[in-house]
Amino acid sequence: IHMDEFNRPTASLYAQNTYGQHDAYFIMPESNSIYLTFDLGYEFNNNTPKILDVLKEKNVKAVFFATLDFAKRNPDTVRRIIDEGHVLGNHSANHYSMPTLSIDQMEYEIMFMHNYIKENFGYEMWLFRPPTGAFSDRSLCVTQNLGYKTISWSFAYLDYDTNNQPAYTDALNRVSSAAHPGAIYLLHGVSNTNVDILPAFIDSKQKKNYSID
């Protein structure tokens with residue numbers, strides 16, 4: 001991975017310049033802010049409430065991208081995300097790769113989830129993260145036409161394999177050293193390691209004058 005002089009991934013900067021006109025974000029504008037986002041797909045270890053506990057203690061807000069499956073199985077957690085002032089994002093109804101779908105199917109994946117959350121929680125979602133990060137010009141246009149912004153990321157690591165979780169020290173060093181202006185962090189709620197390192201990570205970044213938004 002190539003970085004510029006501010007530790008920003010050049011691939012993320014290129015993607016932003018190339019696709020940003022579709023309301024797509026691969027990195028945020030240069031500032032002292034970094035952004036925490038958590039993908040909530042098909043998890044069964046109940047980590048998200050623990051993540052919410054840490055964020056509440058540290059007075060930090062995050063974005064949580066939920067699938068329909070997660071929302072149906074964890075309504076109390078979804079309600080808590082909303083009530084505690086975080087952003088609830090749309091991660092699609094069925095976690096299909098968007099570029100493989102027809103326009104009608106893409107619209108269904110986004111809007112079925114959108115309407116489910118609106119009807120059951122009274123919350124209007126407006127941020128979309130495509131499953132697996134897969135996108136095309138067509139899928140970005142469909143998302144934009146539905147009134148959504150596409151949120152990708154400028155940092156991710158192998159945190160989602162529950163059978164091969166990274167060690168605490170290695171993960172904390174990796175996540176902390178990757179900080180850069182306008183960073184969008186992708187973390188998976190299913191990761192036990194992420195729960196463990198989150199307090200120390202937040203503390204380390206705030207001490208270096210990063211604002212976590």
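Residues of segment 113-129 being surrounded by 14 or more Cβ atoms within 10 Å (Cβ to Cβ) and of a type in the set (D, E, K, R), which ones? Listed by number, the list holds a single entry, R129. Kindly indicate whether Y210 is more than 18 Å from the chain's Cα centre (by Cα), of a type outside the set (A, V, I, L, M) and surrounded by 17 or more Cβ atoms within 10 Å (Cβ to Cβ). When the stated conditions are applied, Y210 passes them. Applying the set (1) within 27 Å of R174 (Cα to Cα); (2) hydrophobic (A, V, I, L, M, F, W, C); (3) crowded, with 17+ Cβ neighbours inside 10 Å to I1 leaves exactly one unmet item: (3). Summed over segment 8-57, residues that are modelled with pLDDT under 95 and open to solvent by 40 Å² or more (accessible area, probe 1.4 Å) total 8. If you go through segment 171-184, how many residues are farther than 12 Å from S154 by Cα and touching a helix residue (DSSP H, G or I) at 6+ places or on another chain (Cβ under 9 Å)? Residues meeting the conditions: 3. Screening segment 109-167 for residues that are out of contact with any Pro (no Cβ under 9 Å at 6 or more places or on another chain) and aromatic (F, W, Y) and picking the one that is modelled with the lowest pLDDT gives Y160.
Scoring L187 on the criteria (1) over 24 Å from N74 (Cα atoms); (2) open to solvent by less than 50 Å² (accessible area, probe 1.4 Å); (3) at pLDDT 95 or above; (4) outside any helix (DSSP H, G or I) leaves a single failure, condition (1).
Residues in segment 130-175 that are open to solvent by 20 Å² or more (accessible area, probe 1.4 Å), more than 18 Å from T100 (Cα to Cα) and among the acidic types (D, E): D161, D170.
If the requirement is being out of contact with any Ser or Thr (no Cβ under 6 Å at 6 or more places or on another chain), in contact (Cβ under 8 Å) with a residue 12 or more places away in the chain and over 17 Å from V54 (Cα atoms), which of these qualifies: A183, A178? Full working, then the answer.
Working: A183 fails: out of contact with any Ser or Thr (no Cβ under 6 Å at 6 or more places or on another chain).
Step by step, each of A183, A178 is checked, and only A178 is out of contact with any Ser or Thr (no Cβ under 6 Å at 6 or more places or on another chain), in contact (Cβ under 8 Å) with a residue 12 or more places away in the chain and over 17 Å from V54 (Cα atoms).
Looking only at residues of segment 68-112 that are of a type in the set (S, T, Y) and touching a helix residue (DSSP H, G or I) at 6+ places or on another chain (Cβ under 8 Å), we find that the one that is surrounded by the fewest Cβ atoms within 10 Å (Cβ to Cβ) is S97.
The values are calculated or read from the model by the stated rules, or taken from the named source; none is laboratory data. Since we're looking at a predicted model, the values are computed, not measured. With ideal geometry, Cβ positions are generated from the backbone for all residues, glycine too; neighbour counts draw on all protein chains shown. Only protein heavy atoms, including side chains, enter the accessible area calculation; ligands, DNA and RNA are left aside. Shrake-Rupley method; radii C 1.70, N 1.55, O 1.52, S 1.80 Å.
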